[in-house]
Amino acid sequence: MLLKKLSEAFGPSGFEHEVREVLKEELKDHVKEWKYDALGNLIAVKQAETGPKVMLAAHMDECGLMISSIDSAGLLHFHKVGGLDDRVLVSKPVLIGKKRVPGVIGAKAIHLQRPEERTQVIAHRSLFIDIGATSKEEAQSMVSVGDYVVFATTFGEFGEGMVKGKSFDDRAGCTVLAEVLKEEYSMPVFGAFTVQEEIGLRGAGVAAYAVEPDLAIVLEGTTCSDVPDAEAQMYCTNIGNGPAITIMDASVITNKKMVAELIRLAEENNIPYQFKRSITGGSDAGRINQTKSGIPVVVVSVPCRYIHSPVSAMKISDLEYTTQLVKLFLRSIEGGFRV
Amino acid sequence: MKELIKRLVEAYGPAGSEDQVRALIGSEIKDYVDEMHTDALGNLIAIKKGGEQKIMFASHMDEIGVMVTHIDEKGFLRFYTVGGMSPHSLIGNRCVFENGTVGVFGFERVDHIKDLAINKMFIDIGVDSREEAKAKVKIGDTAAIKREFNDLGNRLVSKAMDDRVACAVLIEALKQVERPAYDIYAVFTTQEEVGLRGARVAAYGISPDLGIAIDVTRTGDTPKGITMDVELGKGPTVKVRDSSLLCTPAVRRFMQGVAEQNGIEYQLEVLEAGGTDAGAIQLTKSGIPAGVMSIPCRYIHTASEMVDYRDLENGVKLLTKIMETPYNG
């Protein structure tokens, strides 16, 4: 299953190699031309003579950690790569570097903590990764400063049509994009699997600069907080309610005509949809929209609970509906689209 | 120009929804420019031919506003701000949606008014249920502050003076300019309030030799206000810096020189916080010399922004003369 492979791939920002390989293998029978750029973006090229040039983008990278130093006891200290909440770190199993050395995020034992420390979140600078080494030399033979770290989460199914795993943000979007690229279109379609979104939307802008599309669609796994203690107006998205269409986020106001067309198609084809109801947080769409003399853009997201943590949860039907809606949109603009 | 300003400020146009303002400006300037088009972000780009160099002027069409994020079972709307807006400035105010639906800002009980935040506020559009509300408003719809234009004599007050007065000044200058020294690209930009977004892509497309933004700026002339040497009625400003740019010194000197040669009253402006389209223009491609002419404005980003009509008249004069004076770096 592609989503499982992508979810379990090792790919923090700046180290997306494994994700790239999974995607190239998955699409080898469907994509004849690939472009790679200086930042590591992987761009599937489906050339055609007529119709608008469309770029679809999904980011390959995930939030992770990076080893910053190794101490004399063989414990590893680390920095965060992307927006991880310190509260989700302690006691989690992790994998380090290309060799996937297993480790555990440790902290000072509770009986050694001062009273005020017990009521506070343990800052990531006070945490460390234990790889079972007992000396600096032993640790250095296993890992190196600069190695990336990801959560050691395996993918699984649970409940009714639900899946759990790490990095659905944005391997869900990568899955949708891969499925979309398995079909042929009569217009030029560029599928950009981008890098370094989590640390500042860095890949998407240069990809859009090179492709220079007439319009762009960003595919995301977005936050969903329809859980106890959250008030309905703070949910952002609801799981199981279909693809979430963004009107505005911190980085972009999406194109109204493209949004209207997505809604029309969803309603005509009985595809459930919702709006992303939170304005905070940016997306690759912001960079693409601001590239060169401006590129109209929309964002379609799969709702995912608990993103930016060791494990997120998603409904498979949301992923399928998102794929279906994006394909319908591409079909509908094959003959041209005035944004 | 007062009548034009009234129409401009009362038009509906939060960031991303500038269609009404664009249509109004388009019909106002079409007889005074050689060509006109709208780009992918909705910028209205009007060209008036006149010389070798390209000069870009940017006045933003968008205003601050709110966007609906949730509709509850009783028909109250939760919202988020579009552009910088203080929750306190909304108390007692009303908003209007593109389709004319009017709403009132309300807020949850708070122990102290300083605890007020946007996520404790809602819009009441006078309905009793979600269904009734949905017939009028959808999630993602934007609303603008509802407040009429008042002529107080020298002083004018309304919502959206930021930045429709600059649109008015640019329109008037386009009408009055006789011998343009450049190919003038008058750009009425979009999405300034959410991050200078329209100007950035417009500047890329035009690639001008020189860029000048026209915007409003704060003043230091109210009781116990900020320390700032800008006053209403003392003329438009030539900006030195704000948070988005250090104006290119040669452009600033050029603008000051034009004002002085033509006896136009102006003030120098150092703005501590706030940005303008010129910040985006200056960093486009390999860099574009950029400056700003500002209209002093009190109570910026509230429902009652106040400007002085004499500053607008002098602004038109200065801008017209800039259009007629070659820039030699």
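The values are calculated or read from the model by the stated rules, or taken from the named source; none is laboratory data. Keep in mind it's a predicted model, so treat the numbers as computed, not measured. All Cβ positions, even for glycine, are placed from backbone atoms using ideal geometry, and neighbour counts span all protein chains on display.
Can you tell me which residue among B:70, B:88 is over 18 Å from the mean Cα position of the chain (by Cα) and either within 14 Å of chain A (Cβ to nearest Cβ) or free of Cβ contacts under 8 Å to residues at least 24 places away in the same chain (or both)? Please lay out each step first, then the result.
Numbers: B:88 fails: either within 14 Å of chain A (Cβ to nearest Cβ) or free of Cβ contacts under 8 Å to residues at least 24 places away in the same chain (or both).
Every option except B:70 fails the conditions.
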Looking at residue A:157, is it farther than 15 Å from residue A:8 by Cβ and surrounded by fewer than 24 Cβ atoms within 10 Å (Cβ to Cβ)? no
Can you find a residue in segment B:92-108 that is touching a Phe, Trp or Tyr at 6+ places or on another chain (Cβ under 9 Å) and over 30 Å from residue A:245 (Cβ atoms)? yes
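Within segment B:99-114, is there a residue that is buried (at least 16 other Cβ atoms within 10 Å of the Cβ), assigned to a loop (DSSP other than H, G, I, E, B), within 14 Å of another protein chain (Cβ to nearest Cβ) and of a type outside the set (Phe, Trp, Tyr)?
No, the conditions are met nowhere in segment B:99-114.
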Which one is modelled with the lowest pLDDT, of the residues in segment A:205-223 that are farther than 23 Å from residue A:327 by Cβ and within 14 Å of another protein chain (Cβ to nearest Cβ)? A:223
Pair list, Cβ < 9 Å and 6+ apart or interchain, from segment B:219-232 residues that are loosely packed, with under 13 Cβ neighbours inside 10 Å to residues that are not in a loop (DSSP other than H, G, I, E, B) and not hydrophobic (A, V, I, L, M, F, W, C): B:225/B:298
What number of residues within segment A:188-208 satisfy the criterion of being of a type outside the set (A, V, I, L, M) and closer than 16 Å to residue A:56 by Cβ? 8
Which condition number does residue B:75 fail, the rest of (1) at pLDDT below 95; (2) in contact with a Gly (Cβ under 9 Å, 6 or more places away or on another chain); (3) in a loop (DSSP other than H, G, I, E, B) being met? (1)
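Where residues in segment B:40-53 are within 14 Å of chain A (Cβ to nearest Cβ) and not in a loop (DSSP other than H, G, I, E, B), which of them is surrounded by the fewest Cβ atoms within 10 Å (Cβ to Cβ)? Give the derivation first.
The initial filter retains those residues of segment B:40-53 that are within 14 Å of chain A (Cβ to nearest Cβ), namely B:40-45.
Subset that is not in a loop (DSSP other than H, G, I, E, B): B:44-45.
Numbers: B:44: 25, B:45: 19.
That would be B:45.
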What number of residues within segment A:292-307 are in contact with a Gly (Cβ under 7 Å, 6 or more places away or on another chain), within 12 Å of chain B (Cβ to nearest Cβ) and buried (at least 24 other Cβ atoms within 10 Å of the Cβ)? 0
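Hey, can you tell me all the residues within segment A:48-76 that are in a loop (DSSP other than H, G, I, E, B), under 25 Å from residue A:299 (Cβ atoms) and out of contact with any helix residue (DSSP H, G or I) (no Cβ under 7 Å at 6 or more places or on another chain)?
Our first condition is that a residue be in a loop (DSSP other than H, G, I, E, B); within segment A:48-76, this holds for A:48-53, A:60-61, A:63, A:71-75.
Narrowing the set further to residues that are under 25 Å from residue A:299 (Cβ atoms) leaves A:48, A:51-53, A:60-61, A:63.
Listed by number, the residues that qualify are A:48, A:51, A:52, A:53, A:61, A:63.
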Among (1) within 17 Å of the chain's Cα centre (by Cα); (2) at pLDDT below 90, the one test that residue A:306 misses: (2)
Please go through segment A:252-274 and give me each residue that is surrounded by 22 or more Cβ atoms within 10 Å (Cβ to Cβ) and facing chain B (nearest Cβ under 10 Å), ordered by number. A:252, A:253, A:254, A:255
State yes or no: is residue A:5 farther than 26 Å from residue A:315 by Cβ and not in a strand (DSSP E or B)? no
Quick check on segment B:125-138: of everything there that is buried (at least 19 other Cβ atoms within 10 Å of the Cβ) and in contact (Cβ under 8 Å) with a residue 60 or more places away in the chain, which residue is nearest to the chain's Cα centre (by Cα)? B:137
How many residues are closer than 19 Å to residue A:166 by Cβ and small (Gly, Ala, Ser) if we restrict to segment A:89-140? 3
Filtering segment B:139-169 for residues that are among the small types (Gly, Ala, Ser), outside any strand (DSSP E or B) and crowded, with 24+ Cβ neighbours inside 10 Å leaves a count of 3
Here is a check on your reading of the model: is residue B:247 more than 27 Å from residue B:326 (Cβ to Cβ) and either surrounded by fewer than 19 Cβ atoms within 10 Å (Cβ to Cβ) or hydrophobic (A, V, I, L, M, F, W, C) (or both)? no
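Every residue in segment B:22-49 that is farther than 19 Å from residue A:247 by Cβ and of a type in the set (A, V, I, L, M), please.
Narrowing segment B:22-49 to residues farther than 19 Å from residue A:247 by Cβ: B:22-39, B:43-49.
Within segment B:22-49, B:23, B:24, B:25, B:29, B:33, B:36, B:44, B:45, B:46, B:47 qualify.
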If we take segment B:238-329, then helices (runs of 4 or more DSSP H) inside it with 1 or more residues that are within 19 Å of residue B:192 (Cα to Cα) and among the β-branched types (Val, Ile, Thr) are B:277-282
Residue check, residue A:39 assigned to a strand (DSSP E or B), touching a residue at least 24 places away in the same chain (Cβ under 8 Å) and within 22 Å of the chain's Cα centre (by Cα): no
Which of (1) away from every other protein chain (no Cβ under 14 Å); (2) outside any helix (DSSP H, G or I); (3) not aliphatic (A, V, I, L, M) is the odd one out, the single condition residue A:320 does not satisfy? (2)
Return yes when residue A:18 is without any contact (Cβ under 8 Å) to a residue 12 or more places away in the chain and surrounded by 15 or more Cβ atoms within 10 Å (Cβ to Cβ) and no when it is not. yes
I'd like the residue in segment B:188-212 that is assigned to a loop (DSSP other than H, G, I, E, B) and either among the aliphatic types (A, V, I, L, M) or more than 19 Å from residue A:285 (Cα to Cα) (or both) and, out of all such residues, is nearest to the other protein chains (Cβ to nearest Cβ). B:194
Name the residues in segment A:85-134 that are under 17 Å from residue A:66 (Cβ atoms), assigned to a helix (DSSP H, G or I) and β-branched (Val, Ile, Thr), would you? A:88
